[in-house]
Every structure is written in structure tokens, then in C-alpha cells.
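Notes follow the structure.
The values are calculated or read from the model by the stated rules, or taken from the named source; none is laboratory data. Computed from a predicted structure; not experimentally measured. Because the Cβ atoms are built from the backbone with ideal geometry, glycine has one as well, and the counts that use them run over all protein chains shown.
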Amino acid sequence: MKVYDAIVIGAGHNGLTTAAYLAKAGMDVIVLERQPYIGGATVSRELYPGFTYSNCSYVCSLMRPEIMRDLELPRHGLQVIPYEGGVTMMRNGDYFATYPNHDQNRREIARHSAHDAEAYDYFGAETLRQCRFIKKMLLTTPPDPTSFKPRDLFGLLDIARRFHGLGEEWMYDTIRFWTMSCADFLDQYFESEVVKGHLAGTSIIGTALGPYSPGSAYVLLHHYMGEVDGSIGSWGYARGGMGAVSGSLANSFQSYGGEIRTAAEVEQIIVKNNRAVGVALSGGEEVLGKMVISNMDVKRTFDKSMDPADLPEDFLHRVRNFKIRGSSGKLNIALDGLPDFPSIPDGCRGRTGDMHVSDSMEYLERGYDDWKDGTWSREPYIDMMIPSLTDPTMAPPGKHYMSVFVQYVPPYLADGQWNDEKRAAFGKTVIDKIAEYSPNFKDLILHAEVRTPWDIENETGLTEGNIFQGELTMDQLMFNRPVPGYAQYRAPVKNLYMCGSSTHPGGGVMGAPGANAAREILLDMRIKT
Amino acid sequence: MTPAANRYDAIIIGGGHNGLVCAAYLGSAGQRVLVLEAAAAPGGAAANVEFSPGFTVSGCAHILNMLDPKVSRDLNLASHGLKLSLPNLKTIALAEDGRHITFDGALATNDSLQVYSKTDKANLADLRRLLLRIGKLLKDFYGTVPPRLGTESWSDRIALAKLGWAIRRLGRNDMREMLRIAGCNIADVLNDELESDLLKGAIGFDAVLGTELGPRSPNSVFSLLHRLTGEANGIPGALALPEGGMGAVTRAMAAAAEAAGADIRTGSPVARILVENDRAMGVALETGEVIHADIVVSNADPKTTYLKLLGPQYLDTGFVRRVKNIRTRGTAAKLHLALDGLPEFTGLDAKELGQRLLIAPSLDYVERAFNHCKYGEYSTAPAIEMIIPTVNDAALAPQGKHILSAVVQYAPYELKGGWENARDEFIDTAIKTISAYAPGLEGRIIARELLTPRDIEEKYRMPGGHWHHGELALDQLYMMRPVPGAAQYAAPLPGLYTCGAGGHPGGGVMGIAGKNAADRILKDGKSR
């Protein structure tokens, strides 16, 4: 029976990234995917004839440029088109738009507050500075602060040296940034509610925290770290939907001789003598490999796909206590035409980017309170985009595809489990909210796919539908992610690795966990790249 | 100007407990010290007040749990009259049906737990041991002046190295746990380890007492650790009641300061810190009187010290911005009830009424109470910490009468619509909440007083009515408390120092900030 050099469980973008790096280094790698299609949560799917849905992740920016170069993703079909700003529609009929053009942006902020227009440049400079500091850490393995190995000591020393290099003022600002709430951070700069509300949106996406919770400033940053064509903080659409990201990774992987098997669900990771030796598929078939690499989140990997006897008890306890909270939902909508948004003036390019209706931080925080109480936000945060305005391949001529990300949606409802009726009620809440700002919206809907946390979990395998495979809170970042002492992509079982977003530096279509895991594996294999 | 009589080595603005401690240390070192207190008696927020004729209560702080044993020894507070009426206060988490949980001080276990859960007793003991080990590490750093980042000074570098080494010395497992848990929220930690809602609610409430956090807010484990650094009678994490109320503690401190040669002038509010040739050289009182000194030490909070007493004209704009951004939004109100007899609580005997009583039946209860506060509303079902000090100390009230002193959360500093109209409603809400556990309480009330954060601000001159002089958040701690560049008790102006809770290590009647400031001042004096 064939023994692969490596088995990767899950053809999400991180699994494919790891697989491609290993195959490129000459290893014989197979990727096993439960679904009949690849991509995990980075997929393009035709769920309504003629329309392409990016039905999970929907925008692209965090993908590390180093990975795009190493794996030659553009040559394998990835094209990212930047979009031009966003807009928040306000309850009073006004709007607030952001633009890539600095002067235009400044004028728009000044329309709401002259003070804030002045402050925005300082805010931008500080955020960028924090991004630069953290960005260097994305593609490095977190050092273990408890270890005395030279490698960890040097790693710590390197961070300390870079930190010290920031100078006194910036050092303090950096520490503050990592620990404070988004609201406190924005309050330092801005006075206008809508400006703060618009900016705070990114601090809650995918997160079971409100903008008033300490630690949420970091999530804001996490979403700012992206870059498109070297322009930091900008976002774009993958041409052809997010499936183009996983598609190009798969093409790259296969060009190095890799093998992908879809519709192959892994039921258990086989461990013999404390070594991972292969996997058992749900049909009973076994696939053997010299190592097993899991792209699944840690709960699914260790708690669901392994025999507890194969793992240290303490480790399993910590895995079970790792916080992966479902907090998001999604609607994918096929539209018969372009909906009117009367509050957005003609020609405002914000329409092509992210559109919101949450015009204050309190709006977001109250949404979070509903989540804590076990109900979806009655006034949800809605991140809607119409990618077909930028990428005409997504919908038939004259028609449009709309992606609607919704925060907050709890996996456990206070009044019983999710069912079809509740899903429909949730969808109605969102559609009604959009219709408040778009009179003809409802008439244009041809098809709407409503996704609760469980729908996301059932399709992608993400526990509770958490898009980051684990909360991005301080206790779960860097050397604490996913479990203190196991933050270097190695599991407590030999020849078993983790490469998903449960590991440093976390979620988003970034590829960094996948690339980092590959680097550690090649280090263990003593393969030089 | 009479140089000799009106000339001091140091003037301390504010006779709160930290100011008095600082005065005592400086006095013992031979300095001529003057403490200027605005109120009629020293003590600040840890003084007694007679809120109704014959009824004396600890004005703001009402439980002694953090007084530093070294400070207590150095100042010989016992010989100056400090005695504990109850050296090891128990905490009783109240249940409406009378099935309460009792535990010692903070987190110790008790058999009543087994009523609720088979495993909680052992798990709580484990959690307590871990938290106390981490708390002990914090405590070691509380007694030292924080280092400054990014300087070329070797003493700063050595202090940082010491910090790193102390964390390493915890051992691999505890160190990992500490690095993880400090940023956690208390709700997660409790839900991971414990079952009983009542127990989790009580500990969760302890973690957010006096802070602008709910149990689900990250950072709330830290504020519990802060409380656990305290001790009473040598028992870590324990709570105590001083005989004669908290005023007895500050009276003993004032006596110690005077014994060390310090002068204390009450009724003397300071209007301005005087600056000459870029250094602080004295103060002007509100009466216009000018007093000179080599150095000025402010026990006032940082916002008052830098923005009001000193004035931004002497400071960098960046520094002023940081001071303005210190978060000082108080959330706790203080309720005082004068009672014509001992109230009856369901399931408690008269002796148990002398313990600390908590109304925080679950984590969700506390979190929901917190929700209101975020939007400038008061909690409609508040979480409450109560003591009836007269059970152990009858002298505080007229014969046969009693006092109920409570911290009621959450009462936001900025209430929508203002506190003036809402005060009575909120008192009623609090009394109704307590009455669910103590039927018949209402009939016993003969006088009532509520101090909202606004009142506390006005009365005790703490901005936002925040009893820590600034939120105890990770970004406002240690070398960043109160603000970077002023976290070593020295202001960015020669001759000016701070010694209040706004500096490291924060609030609670500890006296450590006062002691650390004195250390720093004496060290600077030597190098001068």
C-alpha cells in the first residue's frame, strides 16, 4: 500500500498552502477533502443558475504577498481587483463614505467633523505603524517564552530588539494597542459617531466581542494588515470569487506533482506508538503517510478526529477550553438588478465596496448584547458588497450578486435550537434591515441563501462556524495559539502537525499559518528550501 | 515671607491614605513634611462620615483587604490604634431561596459548595491556588518602582530583566498559565472550571468590582488578581473589617505620620502648584496663601494633578493628551442605609449578617447589569456587595440600630438624563433588589444615602468617581500607570511627584503607592 510523504486533511486555503510548499520542496503529498469541491471557506459556488457566490469568505487582502510570489499564484489564475472604499448609510438619511483618495477622504470626514478629518491622518499613521510591527511576525513561528532552546531565546530576543527599536513612545502605544478596546482607541481620535461606527465594524467581524470589549482594538488591526499590490490596508475582490484563491493554490500544488482527493472525509487520525501514521476515511479506507497535517481547527482535529487515549489529558483539556465561538452568519443573494440606495449619492464609489448601516459604536455593541443573550442581533451589523459591480463574471449581464456578512449570530439560541423557521426569521431580519435603506431591494431578490453558524460548520467544518478557527483574543494569540506550549505547529503526537487558522497568526484568507507550518515541517525533515 | 516657618522639604497635596503613608515615610527619613488636606479631616476616600445623626460609616472604601503588611509594620499602625474587628471576613453569595454559598475571603472553599456541585470544591481549590501563585508574583512587583521602557538606564534594564526572570521562575506550567490567563475574561475561566452559577456569579462580581468591565470583558481576570494580591492577618486573599470603620485605618496612618514629624493641615484645599525656573517650588492654597517647599508630592489623581493643579502649560502636548485619555469612568455607587434594627435575610443567622454579602446570582446577571452601564443607564437589577458593620462594631450606630453599607453596580458616571432626577429611583431599585433576599428591609430604613460616581467625584475629588483613580486595565498598568513618562512617581517636571492610586499599583487601601513614591523621592534626594 502506498505511503505518502505527507497527508493534509482539508483543502482549505491553508491546507493547500502547506501542501504546495511541501510539494514544491519535493515531497509526495496528498490533500484529502471532505466536500466534493476544494476550498473550504474560500470557495466560488454556483448555487443559483448563472450566479457565482463567494458564499463564505468574500474579500481578499490578507493573503501574504510572499506566498503569492513563492507559489506563483497569479500565474495559476489569481487576480485581485482592489475596490474603492466603502460607505455607511445613516439612520438620518445621510451617509459617510471612505475613498482611496486621501483628499477626497478628508473632505468627506470633514463633512461630519472637521476635528475628525484632522485626526484621521494621525489615526492612519498610528495604525500603519502597528501593522508594520506585527506584519513581520505573521510569517514567523512564535517563540516559546518558557523554553531555553537557542531558537526560542533568539526569537524572543528578536521581538524584544524590534520592540525596543520602536522607541519609548511607540512601545507604549503598541502595548496599549494590543490590550485596549476598539471604542477606547477610536475615542482617542474621533468625535463623530458615524466615523467611529464605520471604522469599528472591522473590530467585530468574526469575533464574539463588542467594540467596547478590551482587546477588540487588535481585531481592528488584524483586518487592517492586508495589502493589495503593496498598498497596505486595502482590500480587493478575487476575480471569479474567492474560489479563485483556493483554485490557484490547488493549481500551484498540482503543478508540483501534488494529489488532491475530494469527497474523502477523514474520520480518524491513526496513531501508532505515539506517531501519526495515516488516516481512516469515513468509508473505512485507510490512507497512510509519514506524517499527517491537519487544516481543521483544533477542536475538530483533536477532540473529534482522534482517540483521546492518544493525547495527553492536559492538552485535550486545553483544546476543549480553546474558545471557538460562532458569532457570524451570512446571506448570499442573487439580484435581478442593482438595488437603489437613495442615501448614497450617484457616482459615490463606496457602493462598489463595503456598505454598512451601523452608524455608531453603540449600534454594534447592542448587537453584541443580543448575541450574549442567545439571539441574533435585532439590529445586526451588516457588511454588504456587490462584487458583480467590479467583477462582471459573478452574475449574468444586468444582474448582480450580493454578499451579506452578518454579525452577531449565536450558534446556541436562548429559545431552543436553530431550525428552518428560525433561519428564515433570521434571514428576514437582515433583508428587512437592508430594505429600510433600499426601497426596491426586496423586489429584486431572485434567490437568497441564508447561513447560520451551524450551516457554516456543516459545510466547511469550522467549529460553530467561527471564521477564524478560534477567537482572536490576547489569551489565544502568538505563543498561546492554539495551546500554550504547542504554538509551533507541532501536535503532542509525533509526525502530526497543525496548519489551520487555529494556529498563529490566526484567521482570514492569509495563508500565513499554512506557510509557517510548511516551514516547520521542512525544518523537521531537514529539507532546505 | 518667613522662610523658616513656612518652608518645608516636601508638601503633600491630599491627606488620603497614600498621602499619609508617603508623609510618614518621608518624615521618618528626617524630612520636614506638610500634608495639606481639603476636607475637615484626613483620610480621603477611606475616612468615616456620619451620614445620619449617630450613624457612622466608611465613606467610600468599606472593607480592608489590601493593606500592605510591610507598610502596616513600618508605620506601626497597631500601636497607633489600628485593630481589626473581624480579621477574616467570610463572603456569602446570596441565593433567593436561602441556599447560600459561604467562602472565606476571596475564593477559599467551604462545604456549602457541595450543595451545588460535586466537583466545584476541588476545582475551586485548584483555581484558587493558581490565582494566588500568580497574585503573589504581582504582589512582588507592587512594592517596586516600575522601570521605564526604552531608556539607556541600567537600573531600568535590570528591573525589566528582573520582571522577566520572576515570570520565568514561576515554572513552565504556571508561566504559560499566567501569560494566557492575564488577558482572559473571568467568565470563561469560571465556566471552564466550575459548575455552580451562584459561585461563578459571586467570583465574577468580585472580579469586576469597581471596574468598567463585565465578567465577559477580557481583562477581568486581572482585576481579580489585583484583589488577590491583598491579604488580611497574613492570610492571602482574605478580607477584614477594621474596628471603628475605615476611618480608623487612616486615623492610625495620620497618627503615624504625625509621630514621624509631619504636619497635617486640614481644611486647606490647594489651588495651584507653583513653578519657578522649570521646577515645582511650592503650592498656593485656595485662600491665596503660598507655601514653599523643595518638592511637591501630589496624592491627587493624575488628571487633577496635571491638568488642574499644575496646568498644561508646563507639559508637552503629547503628555497632556495621554493624561486626558486616562479612562476614569466610575461605575460603582455607594449606598448607606440607617436601620432601626437588624434586618433579616432569608437563610442567615444574626452572626452571619456580620459577613460580606453578595448579590450576584450568576455571571449572566452581572453581565446584564453591566450592559446598562455601557449606554449610560443604571442597572435595573444591580449586583451588590454589602456589609452590616454594626454587627461586629456596635459603636458605629446608636444602641440597637444598624447600618447597611453597600457597593451597588452598575451606576455609570455619565447617566443619560443626569443623576439628579434618577438618584431616588436608583436607591429604590437597589433596596428592592436587596429586599428579595431580606424581606422586611424596607420597613427598617430610617435614613438613606446614595453616592453616585458623580457624588464621589465631587466629595472625594476623584475624576469620574473612579476609586482606582483610573481604570485598572492592562493598558493603564505598571510602567504605563498613570501615563508613560510619569509612571515612576516623578512628574515630567523636576520637583513634582505623585503618590496616589493613579500611579502603580492602583487603587484599594494598600498604601503601596505612597511607600513607593517615598522610596523614589528619597532615592532622588540622595543623588541630589
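Side notes on the structure shown:
- Qualifying positions in the stretch A:300-334 - in a helix (DSSP H, G or I) and free of Cβ contacts under 8 Å to residues at least 40 places away in the same chain: A:D303, A:K304, A:P308, A:A309, A:E313, A:D314, A:L316, A:H317, A:R320, A:N321
- Taken over the stretch A:203-224, the criterion of being among the hydroxyl-bearing types (S, T, Y) and over 17 Å from A:L477 (Cβ atoms) is satisfied by A:Y212 alone.
- Within the stretch A:397-448, considering residues that are among the β-branched types (V, I, T) and under 23 Å from the mean Cα position of the chain (by Cα), the one farthest from A:Y48 (Cα to Cα): A:V409
- Screening the candidates A:G258, A:G289 for the property of being at pLDDT 95 or above and under 27 Å from the mean Cα position of the chain (by Cα) yields one hit, A:G258.
- Within the stretch B:163-188, if we keep just the residues that are closer than 20 Å to A:G470 by Cβ and among the small types (G, A, S), the residue that is modelled with the highest pLDDT turns out to be B:A187.
- Against the criterion of being touching a residue at least 60 places away in the same chain (Cβ under 8 Å), assigned to a loop (DSSP other than H, G, I, E, B) and either of a type outside the set (V, I, T) or touching a Leu at 6+ places or on another chain (Cβ under 9 Å) (or both), A:V509 qualifies.
- Residues in the stretch A:281-299 that are surrounded by fewer than 17 Cβ atoms within 10 Å (Cβ to Cβ) and either touching a residue at least 40 places away in the same chain (Cβ under 8 Å) or within 25 Å of A:A20 (Cβ to Cβ) (or both): 3 in all.
- Residue in the stretch A:134-148 that is surrounded by fewer than 21 Cβ atoms within 10 Å (Cβ to Cβ) and closer than 30 Å to A:D346 by Cβ present: no
- Among the residues of the stretch A:274-299, those that are of a type outside the set (A, V, I, L, M) and assigned to a strand (DSSP E or B) comprise A:R275, A:G278, A:E286, A:G289, A:S294.
- Test: residue in the stretch A:470-481 that is farther than 19 Å from A:S246 by Cβ, modelled with pLDDT of 95 or more, away from every other protein chain (no Cβ under 14 Å) and in contact with a Pro (Cβ under 8 Å, 6 or more places away or on another chain): no
- The set of residues from the stretch B:114-156 being surrounded by 15 or more Cβ atoms within 10 Å (Cβ to Cβ) and within 13 Å of chain A (Cβ to nearest Cβ) comprises B:N123, B:L127, B:P146, B:P147, B:R148, B:L149, B:G150, B:D156.
- B:G318 passes every criterion in (1) more than 13 Å from chain A (Cβ to nearest Cβ); (2) free of Cβ contacts under 8 Å to residues at least 24 places away in the same chain; (3) outside any loop (DSSP other than H, G, I, E, B) apart from (1).
- Out of B:D97, B:D104, sole residue that is surrounded by fewer than 16 Cβ atoms within 10 Å (Cβ to Cβ), in contact (Cβ under 8 Å) with a residue 12 or more places away in the chain and assigned by TED's automatic domain parsing to the domain that holds B:L348: B:D97
- Looking only at the stretch B:142-200, residues that are farther than 23 Å from B:L522 by Cα, hydrophobic (A, V, I, L, M, F, W, C), touching a residue at least 60 places away in the same chain (Cβ under 8 Å) and not in a helix (DSSP H, G or I) come to 2 in all.
- Helices (runs of 4 or more DSSP H) contained entirely in the stretch A:99-169, each with at least 3 residues that are within 20 Å of A:D184 (Cα to Cα): A:114-138
- Of the strands (runs of 3 or more DSSP E) lying entirely inside the stretch A:1-84, those carrying at least 2 residues that are modelled with pLDDT under 95 are A:80-82.
- In the stretch B:37-57, the residues that are surrounded by fewer than 20 Cβ atoms within 10 Å (Cβ to Cβ) and on the phi > 0 side of the Ramachandran plot: B:G54
- The one condition in (1) within 26 Å of A:R64 (Cα to Cα); (2) in contact with a helix residue (DSSP H, G or I) (Cβ under 7 Å, 6 or more places away or on another chain) that A:S181 fails to fulfil: (1)
- Residues in the stretch B:447-474 that are more than 26 Å from B:A39 (Cα to Cα) and out of contact with any strand residue (DSSP E or B) (no Cβ under 8 Å at 6 or more places or on another chain): B:L472 only.
- Test: residue in the stretch A:201-208 that is free of Cβ contacts under 8 Å to residues at least 24 places away in the same chain and within 19 Å of A:V406 (Cα to Cα): yes
- Scanning the stretch A:363-391 for residues that are within 14 Å of chain B (Cβ to nearest Cβ), in contact with a helix residue (DSSP H, G or I) (Cβ under 9 Å, 6 or more places away or on another chain) and touching a residue at least 60 places away in the same chain (Cβ under 8 Å) turns up A:Y363, A:L364, A:E365, A:D369.
- Strands (runs of 3 or more DSSP E) (entirely within the stretch B:341-421) containing at least 1 residues that are assigned by TED's automatic domain parsing to the domain that holds B:T211 and small (G, A, S): B:383-387, B:402-409
- In the stretch A:151-179, the residues that are free of Cβ contacts under 8 Å to residues at least 40 places away in the same chain and either crowded, with 24+ Cβ neighbours inside 10 Å or of a type in the set (F, W, Y) (or both): A:F154, A:F163, A:Y172
- Qualifying residue in the stretch B:314-322 (condition: of a type in the set (S, T, Y) and either buried (at least 18 other Cβ atoms within 10 Å of the Cβ) or within 26 Å of B:Q476 (Cβ to Cβ) (or both)): yes
- Filter result for B:M479 (among the aliphatic types (A, V, I, L, M), more than 14 Å from every other protein chain (Cβ to nearest Cβ) and under 24 Å from B:T304 (Cα atoms)): no
- Filtering the stretch A:186-211 to residues that are touching a Leu at 6+ places or on another chain (Cβ under 7 Å) and within 12 Å of chain B (Cβ to nearest Cβ) leaves A:L186, A:T207, A:G210, A:P211.
- Lone qualifier among B:I203, B:I181, B:I186 - being of a type in the set (V, I, T), crowded, with 20+ Cβ neighbours inside 10 Å and at the interface with chain A (Cβ under 8 Å from one of its Cβ atoms): B:I181
- Matching entry among B:V509, B:V483 (being assigned to a loop (DSSP other than H, G, I, E, B), farther than 20 Å from B:G311 by Cα and in the same structural domain as B:Y8 (by TED's automatic domain parsing)): B:V509
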